[in-house]
Every structure is written in C-alpha cells, then in structure tokens.
1. Would you pick out the residues in region 110-150 that are surrounded by fewer than 18 Cβ atoms within 10 Å (Cβ to Cβ), touching a Lys or Arg at 6+ places or on another chain (Cβ under 7 Å) and closer than 25 Å to Glu78 by Cα?
2. Considering only residues that are surrounded by 14 or more Cβ atoms within 10 Å (Cβ to Cβ), among the polar types (S, T, N, Q) and more than 9 Å from the chain's Cα centre (by Cα), look in region 23-52 and name the one that is modelled with the highest pLDDT.
3. Scan region 79-109 for residues that are in a strand (DSSP E or B) and either surrounded by 20 or more Cβ atoms within 10 Å (Cβ to Cβ) or under 13 Å from the mean Cα position of the chain (by Cα) (or both) and jot them down.
4. Which of the residues that make up region 110-133 are farther than 21 Å from Arg63 by Cβ and either in contact (Cβ under 8 Å) with a residue 60 or more places away in the chain or outside any loop (DSSP other than H, G, I, E, B) (or both)?
5. In region 62-78, how many residues are of a type outside the set (Lys, Arg), in contact with a Gly (Cβ under 7 Å, 6 or more places away or on another chain) and surrounded by fewer than 16 Cβ atoms within 10 Å (Cβ to Cβ)?
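The values are calculated or read from the model by the stated rules, or taken from the named source; none is laboratory data. From a predicted model like this one, the values you see are computed outputs, not experimental measurements. Reconstructed Cβ throughout: ideal geometry from the backbone, glycine too, with neighbour counts over all protein chains shown.
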Amino acid sequence: MTPELLSLLALVIALSSTVINYLLLRLQSDPEVVVYAIADLQRPSIINLIVENTGKSVAHDIRFKADRDIPVRAFGFENAPTPEVMTKGPLVHGISSFGPGEKRIITWGQYGGLKQGLGDEVLDITAVYFSRPPLRIKQQRHKTTSSIDLRSFEGTDGSDRNWDKKAADQLEKIAAALSMIADSKKRLR
C-alpha cells in the first residue's frame, strides 16, 4: 500500500468517526416528544394519555396531529356511549415549551368508552417540534409519530391498587370508632 492510499484511508476513517460521534451526541441531546397511554394505578379502570419529552433538551413550538379524531372523557364499560371529540388541551392547542422529562397527563377514559370512540384501529399521533442545538444558527425540526393501540389494554387488570387511599379509608373508620368509644365513656361518667 502506498503512503498516499494509507493517508486517504486514515482520512476516511477519521471523518467517519467524527460523523458517528456527532450523530451520537445529537441523539443524546435532542428532545423526543412522545404520546402514549397508560393505566392509572391510583384510579381503577382509568386510562391516561401521557405526553412526555423523553429527550435531553427543550422542545419548542410543539404541534400535534392525529390520523383521526381523539376521543375525550370516554367513560363506560360495555355499551358505553360514544365519547366526545377532544377540542381542548395540549394535543389540540400544542405546547410552546417542553423541558426534558416534562409530562402532561390527560385523564382519557375507560376501556369501554375509548373502544367505542376508537374501535379496533391504532391511533397515530404525530408531534412536530423544534430544538435549538448548540453550535447551530437555525432551529432543528423534529417529527415523532406515536402509535397508541387501545387493544393492548383488553383483558388487563383494572382492579383498585390504590393502597394509600384504602389505608386512609380504614384509618377514618378506626378514628370514627375511637371517637364513638370516647363519647360513650364521657356519657358514662
């Protein structure tokens, strides 16, 4: 191998390494706005819709677009009424600035009501947003599409696991019983 060829090979390797390092740095510093559904562990049978910036920097001027209407206040089980269409909130009006790790939690509904509003179709919500990466003059545009499959909640556990509330209810009963005992002792004196 000639020295010129070795120099050219070393240059290609150095440039490739620089590009890969830059891309890895961007992946670690870009915002990532996602939308997903999760069961509410404090309220049995409720499904929340979560908007979250899982990335490492601030997302600006976030706008959302769904592939169809998003139901809202979709409560009920079997034979649930058809829910209303979402007309307000962050998915409709957007979010102007969204820091890393920030969340918006929307009480979405219950499985029966949401199924009435969505059917068996997957709901795709696309977020378009901007970031201001260091060493760049122009804002960087990002686009993330989140797919929400309501069918993943079918047959899952919707039981009451709010142990804090259950303990508080029991403490109230104990306090009421102790109060009754104290009142009865006062009357006997």
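1. Answer for region 110-150, where residues must be surrounded by fewer than 18 Cβ atoms within 10 Å (Cβ to Cβ), touching a Lys or Arg at 6+ places or on another chain (Cβ under 7 Å) and closer than 25 Å to Glu78 by Cα: just Asp120.
2. Among residues in region 23-52 that are surrounded by 14 or more Cβ atoms within 10 Å (Cβ to Cβ), among the polar types (S, T, N, Q) and more than 9 Å from the chain's Cα centre (by Cα), the one modelled with the highest pLDDT is Ser45.
3. Taking region 79-109 first, the residues in a strand (DSSP E or B) are 84-85, 95-98, 103-109.
Matches in region 79-109: Ile95, Phe98, Lys103, Arg104, Ile105, Ile106, Thr107, Trp108, Gly109.
4. Gln110, Tyr111, Gly112, Gly113, Leu114, Lys115, Gln116, Gly117, Leu118
5. 2
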